[in-house]
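Asker: Below is one structure. I have some questions about it.
Nothing in this text is a laboratory measurement; each read-out follows from the coordinates by a stated rule. All values reported here derive from a predicted model rather than from experimental measurement. Every residue, glycine as well, gets a Cβ built from its backbone with ideal geometry; the counts of neighbours run over all protein chains shown.
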Amino acid sequence: MFHGTGSTTAGRTLVPIGGVTPFSTLDCPGSISCVFYFQGCPFRCPYCHNIEFQPVNPPAYKVSDFVEFLWPRKGFLETVVFSGGEPLLFPEALNDLTKLAVDEGFEVALHTSGFEPEVLKEYVTEFPVKWVGIDLKAGLKDYCLATGVKQNYFLQVVKSVHLLKDSGVPFEVRTTIFQDLLEGGRLDSLLKSAQNLGVERTVWQVCCRGGRPDSDVEARIVEFIHEGKLEAFVHVR
């Protein structure tokens, strides 16, 4: 697995940011936030909603633009969320931007696939992270199907979840439910895997098709609810 460095604040001026959402009430629970999207992702999920951030292009986002974006929003925005893509592909750039955000008085949050538990551990240890959203893509046997890559990252994700539990950082385990997970008992496998993590609950998100939530997926989740399989353990968003 490759790791990029981007261009850091230690003498370099560019970072691999591919886009910005200037205002959000959805990306960090209970917080008014902005979202910075890192380029690059180790996965090729068939339902990906941020496919434009999968490739890594030469870093073109200025660190100075990051600071200039945040400065006038002090007192209004509360949290800077780092998403992607996968922020943990670029730990140096992520750390630099996080330090700048914290120094400007903002809280920070992270969206991650959990593919690099050691990098995640270093990050939540070094910085006062407000919240982490971590993906559980599928059960063990179906993980490659859900990620679109040959290497199975299920055990790395499990390790990441356990280290978050140990860290005390608030976090949420999320799964995007898509068509292929509806077949062959894969939802049951996913549910069992999530329950084995020992978390209070997980969040299921319905994938989109043609810009709208997939109605077939919604219908299957409703069946699961009626069958009593989800109960209070899974929140459907």
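Asker: Would you pull out the residues with amide H under 5 Å of Ile177's amide H, same chain only if 5 or more places away, H placed 1.01 Å from N?
Answerer: Gln205, Val206, Cys207
Asker: For a quick check of your reading of the filter: which GluC sites (Glu not before Pro) in the stretch 192-230 sit in a DSSP loop and have no more than 14 other Cβ atoms within 10 Å?
Answerer: Sparse-neighbourhood loop GluC sites (Glu not before Pro): Glu200, Glu227.
Asker: Next question. Can you sort Ile225, Ile17 so the residue with the fewest Cβ neighbours within 10 Å comes first?
Answerer: Neighbour counts put them in this order, fewest first: Ile225, Ile17.
Asker: A follow-up question, please. Rounded to the nearest 10 degrees, what's the angle between the helix 117-126 long axis and the longest principal axis of the chain, both from Cα atoms, 0 to 90?
Answerer: With both axes taken from Cα atoms, the answer is about 50 degrees.
Asker: Continuing with this model, one more query. Find me the longest stretch of the chain that has none of the exposed chymotrypsin sites (Phe, Trp or Tyr not before Pro), where exposed means in a DSSP loop (not H, G, I, E or B) with at most 12 other Cβ atoms within 10 Å.
Answerer: My reading of the result: 77-237 is the longest stretch.
Asker: Once the Cα atoms of the chain are picked out, what are the Rg and Dmax in Å?
Answerer: 17.8, 58
Asker: Then there is this: I'd like the orientation of helix 91-103 relative to the chain: the angle between its Cα long axis and the longest Cα principal axis, in ° from 0 to 90, rounded to 10.
Answerer: Tilt of helix 91-103: around 70 degrees.
Asker: If I fit a long axis through the Cα atoms of helix 215-226 and take the longest principal axis of the Cα atoms of the chain, what angle between them do I get, 0 to 90°, rounded to 10?
Answerer: 60 degrees
Asker: Let me ask something else about it. What FRET efficiency do you get for Ser24 and Lys141 if R0 is 30 Å and r is their Cβ-Cβ distance, rounded to the nearest 0.05?
Answerer: Here the calculated transfer efficiency is 0.30.
Asker: Ranking Leu97, Leu145 by Cβ neighbours within 10 Å, fewest first, what do you get?
Answerer: Leu145, Leu97
Asker: If the label point is 7 Å along Cα→Cβ of Asp166, which residues in the stretch 98-125 have backbone nitrogen under 17 Å from it?
Answerer: Taking a point 7 Å out along Cα→Cβ of Asp166, the residues of the stretch 98-125 whose backbone N falls under 17 Å are 114-125.
Asker: Of the cross-linked pairs Lys62/Lys121; Lys74/Lys130; Lys62/Lys99; Lys137/Lys229, which ones have a Cα-Cα span greater than 21 Å in the structure shown?
Answerer: Long pairs (Cα-Cα over 21 Å): Lys62/Lys121.
Asker: Taking the Cα atoms of the stretch 89-135, report the difference between the largest and smallest coordinate on each principal axis, in whole Å and largest first.
Answerer: Per principal axis, max minus min of the Cα coordinates gives 29, 19, 15 Å.
Asker: Any chance you could run the full-extension gain for Asn50 through Glu104? It's 0.36 nm times the residue separation minus the Cα-Cα distance, nm to one decimal.
Answerer: That pair, Asn50 and Glu104, stretches by 16.6 nm at full extension.
Asker: If r is the Cβ-Cβ distance from Ala219 to Thr13 and R0 is 41 Å, what FRET efficiency results, to the nearest 0.05?
Answerer: Rounded to the nearest 0.05, the efficiency is 0.25.
Asker: For an R0 of 45 angstrom, estimate the FRET efficiency from the Cβ-Cβ distance between Lys159 and Lys74 and round to the nearest 0.05.
Answerer: 0.80
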